[in-house]
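Enquirer: Handing you this structure, nothing more for now.
The values are calculated or read from the model by the stated rules, or taken from the named source; none is laboratory data. From a predicted model like this one, the values you see are computed outputs, not experimental measurements. Virtual Cβ from ideal backbone geometry, glycine too; neighbours counted across all protein chains shown. The accessibility values were calculated without ligands, DNA or RNA, using every heavy atom of the protein model including side chains. Shrake-Rupley method; radii C 1.70, N 1.55, O 1.52, S 1.80 Å.
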Amino acid sequence: MARKTIVAGNWKMNMTPSQAVKLCEELKDLVKSDTVDVVYCVPAIDIIPVVEAVKGTNVKVGAENMYYEEKGAYTGEISAEMLKDAGVEYVIIGHSERRDYFKECDCMLNKKVKKAFEAGLTPILCCGESLEQREMNVTMDWIRLQIKSDLVGVTADQVKSMVIAYEPIWAIGTGKTATTEQAQEVCKGIRDCIAEMYDAATAEAVRIQYGGSVNASNAAELFGQPDIDGGLVGGASLKADFGKIVNF
Ligand code: 13P
């Protein structure tokens, strides 16, 4: 079965609640699609107004992070169940900015992935190498380590339903996109890793996105690669261009 393309915006720490609602209104007609799944991953405080603003459209809402504990004394954190109850369907886990600035490690991300599934959320699990790692030729070793550690105890059926985002750190917010060949090569490597860990059917089903300076002019070529099933889009998801990326 062919995989359905999924294009998700990662708003990062942008958009106040009122700006968020305005953006949803502006993008509404531009992001319409029958063939592509469209997701807005938004800051926690924007979730409730955005869920309301996209009602009746093809847009699904995602969170940018969550905590793995059920409930209790974890000041400042948001649980998977809270997200689910608010109308969230997807959650980004392990974005490189969380790994780097907030020191989230693979063992923590593994707990988050499992908790997201438990609550009925679809994880968008991020992985990616630094420029130094690429130059040292350890890209695939590093990414395989991330994927394997983050998926400990995750079942094949769960993996089939999830999304993995390959985001080379050096391409994020830099305007420096990975070449189509580089992006395809790593996304295929991730699929091969899933095949080794699980089986061919699981590898065939899992959707793998590319992220890192995706824009209206490079989306078609990137998303046209055999192992790239869409994109995780930062900066360009906050403007009208996102409609062009969705309808690449
Ligand atoms: P940019 O599209 O701004 O490079 O960000 C990519 C990203 O980090 C998406 O999660």
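Enquirer: Restricting to segment 154-173, and then to whatever is within 16 Å of the ligand (Cβ to nearest atom) and of a type outside the set (A, V, I, L, M, F, W, C), can you tell me which residue is farthest from PHE223 (Cα to Cα)?
Expert: Checked segment 154-173; the qualifying residue farthest from PHE223 (Cα to Cα) is GLY173.
Here is a yes/no grid of residues against (1) of a type in the set (Asp, Glu); (2) over 19 Å from the mean Cα position of the chain (by Cα); (3) more than 27 Å from VAL152 (Cα to Cα):
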{"site": "GLU26", "(1), (2), (3)": "yes, yes, yes"}
{"site": "VAL38", "(1), (2), (3)": "no, no, yes"}
{"site": "LYS55", "(1), (2), (3)": "no, yes, yes"}
{"site": "VAL59", "(1), (2), (3)": "no, no, yes"}
{"site": "GLU64", "(1), (2), (3)": "yes, no, no"}
{"site": "GLU69", "(1), (2), (3)": "yes, yes, no"}
{"site": "ALA80", "(1), (2), (3)": "no, no, no"}
{"site": "TYR101", "(1), (2), (3)": "no, no, no"}
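Enquirer: While we're on this one: In segment 177-186, which residues are away from the ligand (no atom under 13 Å from the Cβ) and open to solvent by 10 Å² or more (accessible area, probe 1.4 Å)?
Expert: THR179, THR180, GLU181, GLN182, GLN184, GLU185
Enquirer: Among the residues of segment 1-19, are any in contact (Cβ under 8 Å) with a residue 60 or more places away in the chain, among the aliphatic types (A, V, I, L, M) and open to solvent by 80 Å² or more (accessible area, probe 1.4 Å)?
Expert: Yes, segment 1-19 contains at least one residue that is in contact (Cβ under 8 Å) with a residue 60 or more places away in the chain, among the aliphatic types (A, V, I, L, M) and open to solvent by 80 Å² or more (accessible area, probe 1.4 Å).
Enquirer: Would you point out the residue of segment 20-42, among those that are assigned to a loop (DSSP other than H, G, I, E, B) and of a type in the set (Val, Ile, Thr), that is surrounded by the most Cβ atoms within 10 Å (Cβ to Cβ)? Let's see the steps before the verdict.
Expert: So in segment 20-42, the residues assigned to a loop (DSSP other than H, G, I, E, B) come out as 28-35.
Among the residues that remain, those that are also of a type in the set (Val, Ile, Thr) are: 31, 35.
On the way: VAL31: 25, THR35: 8.
Filtering first and then ranking leaves VAL31.
Enquirer: Has segment 4-14 got at least one residue that is within 16 Å of LEU83 (Cβ to Cβ), in a loop (DSSP other than H, G, I, E, B) and aromatic (Phe, Trp, Tyr)? Break it down stepwise before answering.
Expert: Taking segment 4-14 as the starting set, the residues that turn out to be within 16 Å of LEU83 (Cβ to Cβ) are 8, 10-11.
Filter once more, so that each one left must be in a loop (DSSP other than H, G, I, E, B): 11.
Next, only the ones that are aromatic (Phe, Trp, Tyr) stay: 11.
There is at least one residue in segment 4-14 that is within 16 Å of LEU83 (Cβ to Cβ), in a loop (DSSP other than H, G, I, E, B) and aromatic (Phe, Trp, Tyr).
For (1) of a type in the set (Ser, Thr, Tyr); (2) in a loop (DSSP other than H, G, I, E, B); (3) within 16 Å of the ligand (Cβ to nearest atom), each residue gets a yes or a no:
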| position | (1), (2), (3) |
| --- | --- |
| VAL152 | no, yes, no |
| GLY175 | no, yes, yes |
| LYS188 | no, no, no |
| ILE194 | no, no, no |
| ALA203 | no, no, no |
| PHE242 | no, no, yes |
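Enquirer: Sort out which residues of segment 135-150 are crowded, with 16+ Cβ neighbours inside 10 Å and either of a type in the set (Ser, Thr, Tyr) or outside any helix (DSSP H, G or I) (or both), and write them in order of number.
Expert: Within segment 135-150, THR139 is the sole residue that qualifies.
Enquirer: Further question on the same structure: For ILE172, all conditions in the list (1) open to solvent by 10 Å² or more (accessible area, probe 1.4 Å); (2) over 14 Å from the mean Cα position of the chain (by Cα) hold save one; what is the number of the exception?
Expert: (2) is the only condition that ILE172 fails.
Enquirer: If I filter segment 131-142 for residues that are within 15 Å of the ligand (Cβ to nearest atom), touching a residue at least 12 places away in the same chain (Cβ under 8 Å) and over 20 Å from TRP11 (Cα atoms), do I get at least one hit?
Expert: yes
Enquirer: Okay, next question. Given (1) in contact with a strand residue (DSSP E or B) (Cβ under 8 Å, 6 or more places away or on another chain); (2) within 16 Å of the ligand (Cβ to nearest atom); (3) more than 21 Å from GLY62 (Cα to Cα); (4) assigned to a helix (DSSP H, G or I), where does SER237 come up short, assuming only one miss?
Expert: That leaves (3) as the condition not met.
Enquirer: List the number of the failed condition for ILE45; all other conditions in (1) within 21 Å of GLY120 (Cα to Cα); (2) out of contact with any helix residue (DSSP H, G or I) (no Cβ under 7 Å at 6 or more places or on another chain); (3) open to solvent by 10 Å² or more (accessible area, probe 1.4 Å) hold.
Expert: Going through the list (1) within 21 Å of GLY120 (Cα to Cα); (2) out of contact with any helix residue (DSSP H, G or I) (no Cβ under 7 Å at 6 or more places or on another chain); (3) open to solvent by 10 Å² or more (accessible area, probe 1.4 Å), ILE45 breaks only (2).
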